[in-house]
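Just so it is clear, none of the values below were taken in a lab; they were calculated from the coordinates. Nothing here was measured: the structure is a model prediction, and the numbers come from that model. So basically every Cβ, Gly included, is an ideal-geometry build from the backbone, and we count neighbours across all protein chains shown.
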Amino acid sequence: MAKKIFYSFLAIIAVLQLFQPDRNISTENFKVELANHYSVPDSIESLLNTVCYDCHSNNTDYPWFVNIQPIGWYLQGKINKGKSKLNFSEFGSLFKEKAIEKLENIEEVMKKNTMPLTSYKWYNKNADLTIEQREMISKWAINLSKQIASDSTAALNADSLPVKPL
């Protein structure tokens, strides 16, 4: 009886592998991507790319075990939820008030140490931010939100301006 249960379990696991979730992979460079739209220092862009973009952009660098179901479904669900809360690939399309709100949320999660998720840090050791890195991201987010609030044009990346200043 135990053998039948074991082999049935293996058969179910094998069949599950045939149903892979859609991947969050895009080779497109969106004009409204955060760094293409707003001025972002290289150090911040590097941190966001390493720590945030897997779940908060239109391009995820998947770990090898995403191909094992139901783990892949779980991870894809987390990615979809993360993108629904904040998507850096589409950040430049946000209205001024919404962009400010998202930046204030970034500052809050950095201060409270609620992002990145602990489960993400298990397989991405680079995602374990230091206090200094958290403060850097937090300060950048607040400074950019203030800049957008006072003069949203000044916050834009020079390449995204319709007419280049003289």
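My understanding is that a pair violates if its Cα-Cα distance is over 32 Å; which of Lys4/Lys121; Lys4/Lys125; Lys3/Lys121; Lys4/Lys78; Lys96/Lys125; Lys81/Lys139 do that in this structure? Beyond 32 Å between Cα atoms: Lys4/Lys121; Lys4/Lys125; Lys3/Lys121; Lys4/Lys78; Lys96/Lys125.
Measuring r between the beta carbons of Ile5 and Phe65 and using R0 = 22 Å, the FRET efficiency lands at 0.30. Only helices enter this figure: runs of n ≥ 4 DSSP H residues, each worth -39500 (n - 2.57), summed and divided by the residues of the chain, yield -16500 deg cm²/dmol at 222 nm to the nearest 500.
Close amide H partners of Tyr38, meaning residues 5 or more places away or on another chain with modelled amide H under 5 Å apart, are Asn157.
For Lys98, a cut-off of 16 angstrom between C-alpha atoms picks up these aspartates and glutamates, skipping any fewer than 8 places away in its own chain: Glu33, Glu90, Glu107, Glu108, Asp151.
Packing, taken as the mean count of other beta carbons within 10 Å per residue, orders the peptides 75-82, 127-134 from highest to lowest as 75-82, 127-134. Note on Glu107, Glu45: ascending count of other Cβ atoms within 10 Å places them as Glu45, Glu107, the fewest first.
State, as an integer percentage, the relative contact order of the stretch 21-160 based on alpha-carbon contacts under 8 Å between residues 6 or more apart. Could you put the intermediate results ahead of the total?
Working: 150 pairs, mean separation 46.0, N = 140.
With pairs under 8 Å counted, the relative contact order is 33 percent.
Counting only aspartates and glutamates at least 8 places from Lys112 when in the same chain, those with an alpha carbon closer than 15 Å to its own are Glu104, Asp128, Glu132, Glu135. Across all Cα pairs in the stretch 59-113, the calculated P(r) in 5 Å bins from zero up to the longest distance comes to 4, 16, 21, 18, 17, 12, 8, 3, 0 percent per bin.
With a Förster radius of 41 Å applied to the beta-carbon distance between Ser26 and Glu135, the computed FRET efficiency rounds to 0.85. From the phi angles alone, apply the Karplus equation (6.51, -1.76, 1.60; θ = phi - 60°) to the stretch 79-96 and give each ³J(HN,Hα) in whole Hz, x where the residue is Gly or Pro. Rounded to whole hertz, the list is 5, 4, 5, x, 5, 5, 7, 7, 10, 5, 5, 10, 4, x, 8, 6, 5, 3. Here the stretch 21-160 has an Rg and Dmax of 15.1, 48 Å, counting Cα atoms alone.
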